[in-house]
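The values are calculated or read from the model by the stated rules, or taken from the named source; none is laboratory data. Keep in mind it's a predicted model, so treat the numbers as computed, not measured. Here the Cβ positions follow ideal geometry from the backbone for every residue, glycine too, while neighbour counts run over all protein chains shown.
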Amino acid sequence: MRIKKFQARNFTEALASVKKELGEDAIIISSEDRKGARSYVEITAAVDYDIEPHGNSNYSPAPPASNSDIAELKNEIRSLRENIEIMRNSGCELTLPAEGRKMFYFLRERSIKDEYALSLVERARAIEDLEALISDDISSARLFNAAYSGIWNLSSRYNNRIIMLIGPTGVGKTTTVAKLASRAIKDGKKVALIGVDTFKIGAIEQIRIYAKMMGLPLDIISDSQELKKSIKKYNDRDVLLIDTTGQNPKDDEYIRSLKDIYRTGLPIETQLLLSASSDCDFLMETYKHYGTLPVDYIAFTKTDEAVRLGSIYNLCRKYKKPVAYITTGQKVPGNIEFIDNQKLTNLILRTGSA
Ligand SMILES: Nc1nc2c(ncn2[C@@H]2O[C@H](COP(=O)(O)OP(=O)(O)OP(=O)(O)O)[C@@H](O)[C@H]2O)c(=O)[nH]1
Ligand SMILES: [Mg+2]
């Protein structure tokens, strides 16, 4: 066990130092708000570390432990772990004033990360301030949402707007391509669909069915050269929607094949779809992989299934990407909302399913 005191101007900074020096597993033992000519906070944190292997050659091994000893030890470790987890999940907020603590728990209940919750609490005077602060933090979305709702030819540099949807398997890319296509048709746009074939069984079938239902031309392509040809062919279309098939982003080959597409220099707008019902750690990890691609916008699917939506805030705050839209169900057409900042904030602050 290593124990260390950290001093900083506020809890956010102190907590950042704890994390930096002792890592994510550090637990907060105590925290104090020291008032005076030079006010500061002091956090005492500790981290457990692995016991080094015994290097002494005179070392004589103890008699082997019995199965019941091992089981007892395992139980002991499990209960210690649980206690550490409880301690880790409490502590940093304990020295906040009562109103601050109330706000902190309010934010934590919505799955907003502790470090972001602390920074919001530091800026808020009362719980009523949180809405405006959150809205400010995700303000980049507003610009886009205002423009997105009806204007498909946002990038006037090009003849058509080429939108490619990427994201984890089953997140709702094909369904959302169909929703976007019907929305564009409704807005009087000429649309074509492109499916990137990765030889996944059934993947192409689904986009084929949607294309047929909506009477839209569809090209299935398997590499960047074919994509170039398709885009040229559909030069008269206002909107081209490219559906990709989700694969494990840890698979380098997959990311490489997507990078090939960008290397063509085609004016592709990339929307990364993430399921709002995934847990925050998964979303952050996923973003790390897809973030190596030129992601322009994030869109959150399955908001209807999510119980807490604080992870939308966590992600927007960390990666500062605008949110293009959210999807709210399986229905095609429909179940897609080009929401503004205010609505997105309300969603983040909501608890319970829609
Ligand atoms: N509840 C809910 N379900 C959705 C939503 N969007 C898509 N789905 C469902 O999620 C499932 C997967 O959707 P797809 O569109 O096939 O997902 P995908 O990302 O194309 O999947 P892959 O091509 O396999 O990577 C389907 O059952 C959809 O109906 C949504 O907003 N809410
Ligand atoms: Mg699909």
Assuming GLN271 fulfils every condition listed in (1) within 16 Å of ligand 2 (Cβ to nearest atom); (2) more than 29 Å from ARG317 (Cα to Cα); (3) touching an Asp or Glu at 6+ places or on another chain (Cβ under 8 Å) apart from one, which condition is it?
(2)
Would it be correct to say that THR286 is over 17 Å from THR174 (Cβ atoms) and modelled with pLDDT under 90?
no
If a residue has to be within 12 Å of ligand 2 (Cβ to nearest atom), assigned to a helix (DSSP H, G or I) and among the hydrophobic types (A, V, I, L, M, F, W, C) to count, how many in segment 200-253 make the cut?
4
Hey, can you tell me all the residues within segment 334-354 that are in a loop (DSSP other than H, G, I, E, B) and either surrounded by fewer than 21 Cβ atoms within 10 Å (Cβ to Cβ) or within 16 Å of ligand 2 (Cβ to nearest atom) (or both)?
GLY334, ASN335, PHE338, ASP340, ARG350, GLY352, SER353, ALA354
Can you tell me which residue among GLU253, GLU226 is farther than 27 Å from GLU285 by Cβ and surrounded by fewer than 18 Cβ atoms within 10 Å (Cβ to Cβ)?
GLU226
Filter result (of a type in the set (Gly, Ala, Ser) and more than 16 Å from ligand 1 (Cβ to nearest atom)) within segment 254-301:
GLY265, GLY291
Does LYS331 satisfy being in a loop (DSSP other than H, G, I, E, B), crowded, with 18+ Cβ neighbours inside 10 Å and in the same structural domain as ALA276 (by TED's automatic domain parsing)?
no
Among the residues that make up segment 180-195, is at least one of them more than 23 Å from the chain's Cα centre (by Cα), surrounded by 16 or more Cβ atoms within 10 Å (Cβ to Cβ) and within 10 Å of ligand 2 (Cβ to nearest atom)?
yes
Please enumerate the residues belonging to segment 283-303 that are part of a helix (DSSP H, G or I) and in contact with a strand residue (DSSP E or B) (Cβ under 9 Å, 6 or more places away or on another chain).
LEU283, THR286, TYR287, TYR290
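Is it the case that LEU218 is crowded, with 17+ Cβ neighbours inside 10 Å, more than 25 Å from ILE312 (Cβ to Cβ) and assigned by TED's automatic domain parsing to the domain that holds PRO333? Full working, then the answer.
Values: crowded, with 17+ Cβ neighbours inside 10 Å: yes; more than 25 Å from ILE312 (Cβ to Cβ): yes; assigned by TED's automatic domain parsing to the domain that holds PRO333: yes.
So LEU218 fits the description; yes.
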Return only the number of the condition from (1) more than 25 Å from ILE339 (Cβ to Cβ); (2) in a strand (DSSP E or B); (3) of a type in the set (A, V, I, L, M) that LEU274 does not satisfy.
(1)
Scanning for something under 18 Å from ILE112 (Cβ atoms), within 16 Å of the chain's Cα centre (by Cα), in contact (Cβ under 8 Å) with a residue 12 or more places away in the chain and exposed (fewer than 14 other Cβ atoms within 10 Å of the Cβ), does segment 271-290 turn up at least one residue?
yes
Could you go through segment 86-101 and let me know if any residue there is at pLDDT 85 or above, in contact with a helix residue (DSSP H, G or I) (Cβ under 9 Å, 6 or more places away or on another chain) and of a type in the set (Lys, Arg).
yes
Counting only residues that are of a type in the set (S, T, N, Q) and surrounded by 14 or more Cβ atoms within 10 Å (Cβ to Cβ), how many does segment 24-38 have?
1
